[in-house]
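Only the coordinates and a few stated rules stand behind these numbers; no lab work does. None of these values were measured; they are calculated from a predicted model. Quick reminder, even Gly has a Cβ in these numbers, built from the backbone with ideal geometry, and neighbours come from all protein chains shown.
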Amino acid sequence: MARVSSQAMVLTAATTNKQELHGMTLSSVCSLAVFPDPLLQFNLHLPSYTSQALHECQYLAIHLLPPTSKSAFLGRIFAKGVKKDKRGSELASTKDELKDGEVFHEMTTPFTQIPKSDYELLELDENVSLPILKDCESVFICKVKQSINVENHEIWIASVLKIKQNPEYEKSSGGLLYFNRGFHKIGDGLIESLD
């Protein structure tokens, strides 16, 4: 799958404890339905703090990141679960990421590695807060509809409640892409031809 480009989006999960914020980078977000209700679908590798928070609070935000160096940094911070591939090649960027030696380890805390000025807390009610990253093209505010266990993954379906558009990004960029273990942006358009 490293040969297939995919959208890199960051999911943040609602919490009842503002000191424990969770989220992760996803390359599996897709539109499941538009009518009668807009639905998004994605999957998570287990075990996962983010999964635990989704089960507990039922709300999430999916962030469409612009193709910038800062977005690539955030994408990497929120994807710190990958340690080694199956052949033992290091994919991690620090020795700390390799401590457990497992292929995947999703029990990460990315919000401890970014400044508080990079996000805000959206208060959903008096007990539940949802972290929202500030420098995004748009943010899908969602509520969990269903989750399905498949081996060591969960497939999630979420109802889109609201889409927050960032006025600083009037023109859509196509977002941040992930391909060949690196982040990219959309290039020039192609002219269709039979040749």
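Can you list residues from other chains, or at least 5 along the same chain, whose modelled amide H is less than 5 Å from the amide H of residue 33?
The list, which skips near neighbours in sequence, is 39.
Of 122, 31, 194, which is farthest on the positive side of the dipole of the chain, counting Cα position, with +1 on Lys and Arg Cβ, -1 on Asp and Glu Cβ, and the Cα centre as origin?
194
Counting each DSSP H run of 4 or more residues in the chain as -39500 (n - 2.57), what helix-only mean residue ellipticity at 222 nm follows after dividing by all residues, to the nearest 500 deg cm²/dmol? Present the calculation step by step, with values, prior to reporting the outcome.
Values: 2 runs with 18 residues, N = 195.
Helix-only estimate at 222 nm: -2500 deg cm²/dmol.
Is there a pair in 80/164; 18/164; 162/185 whose C-alpha atoms are over 23 Å apart, and which pairs would that be?
80/164; 162/185
Given R₀ = 45 Å, FRET efficiency for residue 37-residue 193 by Cβ-Cβ distance, to 0.05?
E(calc), rounded to 0.05, equals 0.70.
Give me the orientation-averaged projected area of the Cα convex hull of the range 105-175, in nm², one decimal.
Numbers: hull surface 28.3 nm².
Mean orientational projected area (the range 105-175, Cα hull): 7.1 nm².
Take residue 162 and residue 7, extend 7 Å from each Cα along the Cα→Cβ direction, and tell me the distance between the two endpoints in nm.
Simple spin-label model gives 2.0 nm for this pair.
Under the 0.36 nm per residue contour assumption, what length would be gained going from the current alpha-carbon distance of residue 117 and residue 170 to full extension?
Numbers: separation 53, 0.36 × 53 = 19.08 nm, distance 2.24 nm.
Computed gain between residue 117 and residue 170 is 16.8 nm.
Once the other residues with Cβ under 11 Å from the Cβ of residue 37 are scored (Lys, Arg +1; Asp, Glu -1), what is the net sum?
Result for the neighbourhood of residue 37: +2.
Net charge around residue 179, counting only other residues with Cβ within less than 15 Å of its Cβ (Lys, Arg = +1; Asp, Glu = -1)?
Numbers: positive: 3, 76, 181, 185; negative: none.
Every neighbour counted, the sum reads +4.
Put +1 on the Cβ of every Lys and Arg and -1 on every Asp and Glu Cβ in the chain; which of 43, 60, 183 then has its Cα farthest towards the positive end of the dipole?
183
For residue 185 paired with residue 150, estimate the spin-label separation in nm (one decimal), with each label point 7 Å from Cα along the Cα-to-Cβ line.
Going from the residue 185 label point to the residue 150 one covers 3.3 nm.
What ranking do 8-17, 51-60, 144-153 get when scored by the average of other Cβ atoms within 10 Å per residue, highest first? Walk me through the numbers before you get to the answer.
Working: 8-17: 23.0, 51-60: 19.0, 144-153: 11.8.
Top of the packing list down: 8-17, 51-60, 144-153.
Calculate, in nm to one decimal, what residue 132 and residue 17 gain on full extension: separation in residues at 0.36 nm each, minus their alpha carbon distance. If you can, show how the numbers build up before the last one.
Values: separation 115, 0.36 × 115 = 41.40 nm, distance 1.50 nm.
Taking 0.36 nm per residue and subtracting the Cα distance, the gain is 39.9 nm.
Describe numerically, in nm with one decimal, the distance between label points set 7 Å from Cα along Cα→Cβ at residue 46 and at residue 69.
It is 4.1 nm.
Could you size up the charge dipole of the chain around its Cα centre, putting +1 on the beta carbon of Lys and Arg and -1 on that of Asp and Glu, and report it in debye to the nearest 20? If you can, show how the numbers build up before the last one.
On the way: 20 positive and 24 negative charges, 86 e Å.
Here the size comes out at about 420 debye.
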